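This report refers to the structure that appears directly beneath it.
Read the figures in this text as sums done on the coordinates, not as results from a lab. Just so you know, these numbers come straight off a predicted model, no measurement behind them. No Cβ is skipped: glycine too gets one built from the backbone with ideal geometry, and neighbour counts run over all protein chains shown.
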Amino acid sequence: MTYCSFCGKEDADGDHAFCRQRLSMIDPPRYCAECARRMVVQVTPDGWTARCSRHGETASAR
Amino acid sequence: MTAAPEQIDVLDEAREQVLERGVGLSEEQVLKVLELPDDRIPELLALAHEVRERWCGPEVEVEGIVSLKTGGCPEDCHFCSQSGQFPSPVRSAWLDIPGLVRAARQTRDTGATEFCIVAAVRGPDKRLLSQVRDGIKAIREDGNDIQIACSLGMLTQEQVDELVAMGVHRYNHNLETARSHFPEVVTTHSWEERWDTLRMIRDAGMEVCCGGIIGMGETLAQRAEFAVQLAELEPDEVPLNFLIPNPGTPYENYPVVEGAEALRTVGAFRLALPRTILRFAGGRELTFGDLGAKQGMLGGINAIIVGNYLTNLGRPAQQDLDMLEELSMPIKALSQTL
């Protein structure tokens with residue numbers, strides 16, 4: 001099972017077109033795609049890091 | 001039968017009053033501009049651009065910003081995903097000093113002259129001010145002479161004096177919206193409290209950066225009211241944001257400001273504030289897209305935040321720098337600001 005990084009709901013649950021649009025434009029991920037935990041996100045001028053307490057840190061491609 | 005008095009066109013008035021004499025529009029005049037039909041927007045933007053070139057010059061001021069302390073704010077600003085009072089997905093985070101130094105370096109490398117350190121707080125406590133002090137020292141030790149601004153909420157006189165001593169040259173504290181609309185947006189503090197902080201900043205000799213967010217349910221009349229209230233403050237800079245309806249906030253279902261309306265607002269604010277640095281800030285990506293950003297830059301804007309914002313992402317800095325080059329707009333150099 002995977003989760004939407006924007007809204008935290010299951011990817012299979014409903015339409016996430018709006019979520020994908022936001023993630024492609026102006027939002028870093030807020031929820032862990034593996035467990036849907038809210039992540040600690042730090043946005044910097046040229047990127048972001050997002051840390052899940054269980055699954056560790058992911059970062060933007062700079 | 002007497003003839004009806006001839007209506008004077010507001011853009012004709014603005015050409016004489018703002019462009020020729022440098023006197024900003026009144027509230028009534030700004031409202032007329034905000035009510036102009038879509039087919040007059042190109043004319044408005046062309047005039048606003050002439051005004052900014054005449055009274056501010058051709059340079060564009062570039063700035064980067066970073067969030068030093070994210071989320072967990074006790075205030076209830078209804079637009080803000082960092083308020084601890086709403087079920088927003090934004091979690092609390094602190095940026096460490098090496099991270100702050102890297103962010104300042106990233107900003108300087110874009111050619112920016114301004115770096116603004118921001119914290120989501122009602123006002124700074126000792127720990128936050130200590131972090132800011134250590135951060136500024138570390139940025140300087142990194143050989144980075146970029147100008148440093150701060151946005152740390154409401155201040156006491158003692159805190160204002162501390163920031164001056166740290167070398168902070170500009171302070172951001174947005175009034176956010178018209179005085180008459182503010183109680184609909186924030187209930188945990190007042191517009192007047194924000195105003196008081198702004199006066200202290202000005203009196204201490206720091207540059208004043210004060211703007212707001214368009215699209216928070218204000219009427220056009222309130223938008224005009226806001227423009228002249230900002231003009232009354234005589235800020236050095238006005239950052240113009242467009243609402244990003246963020247999940248979990250009371251405004252999450254508000255519509256994104258439509259492009260034509262946003263452009264009219266840009267033009268109107270320039271005509272109200274002919275000599276002020278008018279900065280494109282958050283929300284422009286959603287509101288304008290690529291084409292509209294160019295129109296805004298040719299419609300009175302003379303400053304831009306490049307790269308990401310505090311909790312939202314912006315366009316890559318290089319994309320905006322390429323846009324400025326394409327528009328033949330020179331970037332203000334650090335030597336011009338010192």
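Quick notes on this structure:
- For chain B, the square roots of the Cα gyration tensor eigenvalues, ordered a ≥ b ≥ c, give a/c of at least 1.5 with a/b greater than b/c, which places it in the prolate category.
- Helix B:284-297 and the long axis of chain B differ in direction by around 60°, with both axes built from C-alpha atoms.
- Gained length - B:Ala46 relative to B:Glu16, 0.36 nm times residue gap less alpha-carbon distance: 9.4 nm
- Exercise: per-residue mean of other protein chain Cβ atoms within 10 Å, A:15-27: 3
- The aspartates and glutamates within cross-link reach of B:Lys137, meaning a Cα-to-Cα straight distance under 18 Å and a gap of 8 or more places when in the same chain, are B:Asp96, B:Glu114, B:Asp145, B:Asp161, B:Glu162.
- Loop-located trypsin sites (Lys or Arg not before Pro) in the range B:110-210, at most 16 other Cβ atoms within 10 Å (DSSP): B:Arg122, B:Arg179
- Tilt relative to chain B, helix B:259-272 - C-alpha long axis, 0 to 90 degrees, to 10: 90 degrees
- Under 15 Å from the Cα of B:Lys32 - aspartates and glutamates, other chains or at least 8 residues apart: B:Asp9, B:Asp12, B:Glu13, B:Glu43, B:Glu225, B:Glu261
- Peptide B:312-319 has a mean of 4 when you count, residue by residue, the C-beta atoms of other protein chains within 10 Å of its C-beta.
- Cα gyration tensor, chain A - rounded (a/c under 1.5), prolate or oblate: oblate
- Projecting the Cα atoms of B:Ile41, B:Val62, B:Gln106 onto the charge dipole of the range B:1-120 (Cβ charges, centred on the Cα centre) puts B:Gln106 farthest toward the positive pole.
- If the segment from A:Asp13 to A:Arg37 were pulled out straight at 0.36 nm per residue, it would be longer than the present Cα-Cα gap by 7.0 nm.
- Cα-centre dipole for the range B:117-218 with unit charges at Cβ (Lys and Arg positive, Asp and Glu negative), debye to 20: 80 debye
- MRE, 222 nm, helices only [DSSP H, n ≥ 4, -39500 (n - 2.57), over the protein assembly as shown, to nearest 500]: -11500 deg cm²/dmol
- Förster-model FRET efficiency, 35 Å R0, B:Ile8 and B:Asp196, C-beta, rounded to 0.05: 0.35
- Using alpha-carbon coordinates, inclination of helix B:97-109 to the longest axis of chain B, degrees: 40 degrees
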